1. Once the convex hull of the C-alpha atoms of chain B is built, how many Å³ does it hold per residue, rounded to a whole number?
2. Counting partner chain Cβ atoms within 10 Å of every residue's Cβ in B:101-107, what's the average?
3. Partner chain Cβ atoms within 10 Å, averaged over the residues of B:64-71 - can you pull that number for me?
4. If you rank A:L128, A:L196 by fewest surrounding Cβ atoms within 10 Å, what's the result?
5. Taking the convex hull of the Cα atoms, report for segment A:85-208 its projected area averaged over all directions, in nm².
6. On average, how many beta carbons from a partner chain sit within 10 Å of the beta carbon of a residue in A:51-63?
7. Sum up the charges of everything whose Cβ sits under 9 Å from the Cβ of B:P87, counting Lys and Arg as +1 and Asp and Glu as -1, but leave B:P87 out.
8. Around A:D31, which amide H atoms from residues at least 5 apart in sequence, or from another chain, sit under 5 Å from its own amide H, with H modelled in the peptide plane?
Number of protein chains: 2
Amino acid sequence: MRSSVIVYGAAYSVYVRIVRITLQEKGVAYDLVPVDVFAEHGVPADHFVRHPFGRIPSFEHDGFSLYETSAITRYVDEAFPGPALQPVELRERARMNQIIAMLDNYAYLPMVWDVYVQRVEPREGERLDEARIASGLHKVRAFIIALSDMLGGQQWLAGSRPSLADFHAVPMFDLFEKAPEGAALIAAFPQIEAWLGRMKTRPSYLMT
Amino acid sequence: MRSSVIVYGAAYSVYVRIVRITLQEKGVAYDLVPVDVFAEHGVPADHFVRHPFGRIPSFEHDGFSLYETSAITRYVDEAFPGPALQPVELRERARMNQIIAMLDNYAYLPMVWDVYVQRVEPREGERLDEARIASGLHKVRAFIIALSDMLGGQQWLAGSRPSLADFHAVPMFDLFEKAPEGAALIAAFPQIEAWLGRMKTRPSYLMT
């Protein structure tokens with residue numbers, strides 16, 4: 001029998017992993033139903049019913065369908081028992097929302113597509129675009145400086161406990177670090193490196 | 001004396017207007033401090049202190065600095081008295097969060113940059129890119145179909161009252177409609193057209 005919670009997507013996706021980490025942190029059982037958006041013949045036609053823009057993940061809970069990762073993770077936090085993953089204090093909560101938006105707007109493309117994919121998973125026969133990697137690293141550096149300022153001496157990105165901001169960040173950092181330049185940039189920010197080290201010990205990281 | 005709330009930005013910006021509409025709906029007084037990111041010599045250097053990525057708006061409230069529009073509007077709703085601008089019911093709230101993310105990810109660029117700017121405000125001497133307008137309209141159509149499905153027979157985008165989703169949407173629709181093709185596309189979706197008509201009667205629309 002299927003669980004009442006279904007995630008449609010592929011394990012390779014940063015955004016699918018954000019949702020899976022959040023479900024794991026919340027202690028919610030779910031089924032992962034495979035959808036490969038990079039399949040030879042394109043996004044499977046039936047997926048457009050669940051996600052009109054053909055992206056992953058999409059999500060279902062007891063007949064309620066949802067897409068857009070940051071909406072899914074907030075819903076998961078609010079709909080299920082378990083630890084609260086959003087700070088109650090107003091300004092910590094605002095910082096969490098800000099960091100999630102910053103990750104989507106300034107980190108995902110340069111970390112994952114400009115640096116990780118180009119350096120670590122270049123397409124067969126494609127010429128490596130060193131200028132794109134360099135430009136990506138430049139953007140990521142600006143992002144990490146801003147994030148490092150916000151982290152300061154704290155253990156977690158927003159507030160005194162891990163929040164949706166931490167879980168949104170870790171899959172991007174995880175891929176970025178697989179590029180040698182990525183690892184070197186992270187190592188240049190010891191507080192960010194220590195934060196990432198803490199995230200990597202969590203079952204939600206180890207099991208996704 | 002300055003208000004305790006400051007918005008840095010320019011009236012021409014969709015995202016600045018989203019924040020101003022939200023403040024207006026909430027009944028919060030604020031100062032708008034001009035920052036022109038399209039100035040001849042680029043983003044003013046002192047703005048990078050408030051926004052390391054050089055975008056607008058940035059926001060201040062009693063010593064608390066914040067950027068990223070969706071984080072600012074949630075903070076404004078939660079920090080000030082006045083009508084609640086986020087639904088309490090879980091799934092309505094999730095739909096609101098989803099629509100805000102959809103507007104940022106699938107509507108802003110095609111509505112504002114591919115269609116409005118190209119058709120209504122083309123740069124001097126620049127050749128109009130009709131292919132870009134056509135491709136933008138195609139994307140906006142997919143977005144409006146999805147939004148129209150979510151609206152159904154409701155008055156407002158998420159829940160029984162206007163929410164942050166409505167205020168996030170209206171400045172994008174307002175510019176898009178200034179292009180003749182944009183107005184025609186909106187008119188093809190009577191429920192969306194009626195929703196936009198309702199939004200346009202609000203003081204928050206009329207005063208920003």
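A short reminder: the numbers here are calculations on the coordinates, not readings from a lab. What you see is a predicted model, and the numbers here were worked out from it, not measured in a lab. Neighbour counts are summed over all protein chains in view; Cβ atoms, including those assigned to glycine, are modelled from backbone coordinates with ideal geometry.
1. On the way: hull volume 26.5 nm³, N = 208.
Once divided by residue count, the hull of chain B is 127 Å³.
2. Mean partner-chain Cβ count within 10 Å for B:101-107: 4.
3. Going residue by residue through B:64-71 and averaging, the value is 5.
4. Working: A:L128 10, A:L196 19.
By the 10 Å Cβ count, ascending, the order reads A:L128, A:L196.
5. On the way: hull surface 30.3 nm².
Dividing the Cα hull surface by four gives the mean projection, 7.6 nm².
6. On the way: counts 1, 8, 7, 1, 2, 0, 0, 0, 1, 0, 3, 0, 0.
For peptide A:51-63, the averaged partner shielding equals 2.
7. +2
8. Distant-sequence amide H within range of A:D31: A:S3, A:V5, A:I6, A:V7.
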